[in-house]
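Here the structure comes first, spelled out in structure tokens, and everything after it is commentary.
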Amino acid sequence: MRKPVVLITGANGEIGHGLIDHFARAGKTNIVAFDLRPLDAKLQPLVTANVAGDILDAALLQKLADEYEIREIYHLAALLSTRSEHAPELAHRVNVDGTMNLLKLAQDQSRAVQRPVLFLFPSSIAAYGLPSVEAKHQAGRVRESDWTTPTTMYGCNKLYCEQLGRYYSDHYRQLAPEAGACGLDFRAIRFPGLISALTMPSGGTSDYAPEMIHAAAQGKPYACFVPERAQIPFMAMPDGVKAILQLAAAPAARLSQRVYNIAAFSPTAGEIRDRVLAAFPDARITFSIDRPRAAIVDSWPADVDDSAARRDWSWSPDYDADRAFDEYLIPAISEHYRAFAA
Ligand code: SER
């Protein structure tokens, strides 16, 4: 009999770290961690198997499907927005073709075991695109159905993959239903910028917030690439992980949509700088604008409407801006680099 497992792709990334850590604490270790690079040594004891490979390698995915009964998939692997603009065709392959491979795998698994496979997909604020800073500020808290005209390859990829998830869950092979008896249960969250005290993002456009805080904690200077007025929603990583777990656990009957916004706090870059300076008065933070990256941030909403998540699966963040900085980011980052230096 094949062993039932949870598959996490992009397991080495920031959300992967938080998720694996949480599952281990909850006693859930039937995890197959999948990433291009071998799993972080600290996480290895927390998982059943650690597979280094490419989500574009269909033969490798088939091998996994033959070996395990995959009941849940957390498909975290992706090229983030800045990196995707530098390599749009590669981004499309990884972010879209890779997701297709995983959706197909989930579909095949659900058919083989005749039970739904849960598919959790981190979508992004990048799925939105507002045409100007004026429109952005007039739009206020953007709903899931509004302004879905992304300006980045990454945003286009995420938006399209949300649609693919809906297709595979609700309409797969509608002209040959006997061939596609479907049990895929696709659920997605449009994440704001995530800030972790323990890991750093790479290749994203919301990276200025974590970069600013981590640089200050290490006594390094930082030149922020967006202007002080730039504003998008952010969230502390523990809330990001909590949201994934809550949405995964929600009874299907309570979900009125497949894709949800979530929000926590929405500071400008200048406000982040002020909070960092309050905690690290010697921090050397300057602003040196990278126009294309700043334009991407300007195209994302200043805030999002998360009332559907609040209503359907009782979403509520634990960390507002004060708690995120005072009780999580500043103490945990300081401790992280103290331990690192010791
Ligand atoms: N953090 C992501 C990025 O900046 C947005 O989802 O690309």
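For beta carbons closer than 6 Å, sequence separation of 6+ or different chains, a first residue in the stretch 286-299 that is closer than 14 Å to Tyr128 by Cβ and a second that is among the hydroxyl-bearing types (Ser, Thr, Tyr) and surrounded by fewer than 20 Cβ atoms within 10 Å (Cβ to Cβ), the qualifying pairs are Ser299/Thr151. Where in the stretch 262-325 are there helices (runs of 4 or more DSSP H), lying fully within it, with 3 or more residues that are away from the ligand (no atom under 14 Å from the Cβ) and buried (at least 22 other Cβ atoms within 10 Å of the Cβ)? Helices (runs of 4 or more DSSP H) meeting the threshold: 269-279. There is no residue in the stretch 197-206 that is touching a strand residue (DSSP E or B) at 6+ places or on another chain (Cβ under 7 Å), over 23 Å from Ala309 (Cβ atoms) and not polar (S, T, N, Q). Scanning the stretch 33-57 for residues that are farther than 19 Å from Thr99 by Cβ and either among the aliphatic types (A, V, I, L, M) or touching a helix residue (DSSP H, G or I) at 6+ places or on another chain (Cβ under 9 Å) (or both) turns up Pro38, Leu39, Asp40, Ala41, Lys42, Leu43, Pro45, Leu46, Val47, Ala49, Asn50, Ala52. Among the residues of the stretch 46-73, those that are among the charged types (D, E, K, R) and crowded, with 18+ Cβ neighbours inside 10 Å comprise Arg71, Glu72. In the set (1) under 25 Å from Ala126 (Cα atoms); (2) in a helix (DSSP H, G or I), Ser334 fails one condition alone, (1).
All of the numbers you see were taken from the coordinates with simple rules; none came from a lab. From a predicted model like this one, the values you see are computed outputs, not experimental measurements. Cβ: placed from backbone, ideal geometry, glycine included. Neighbour counts: every protein chain shown.
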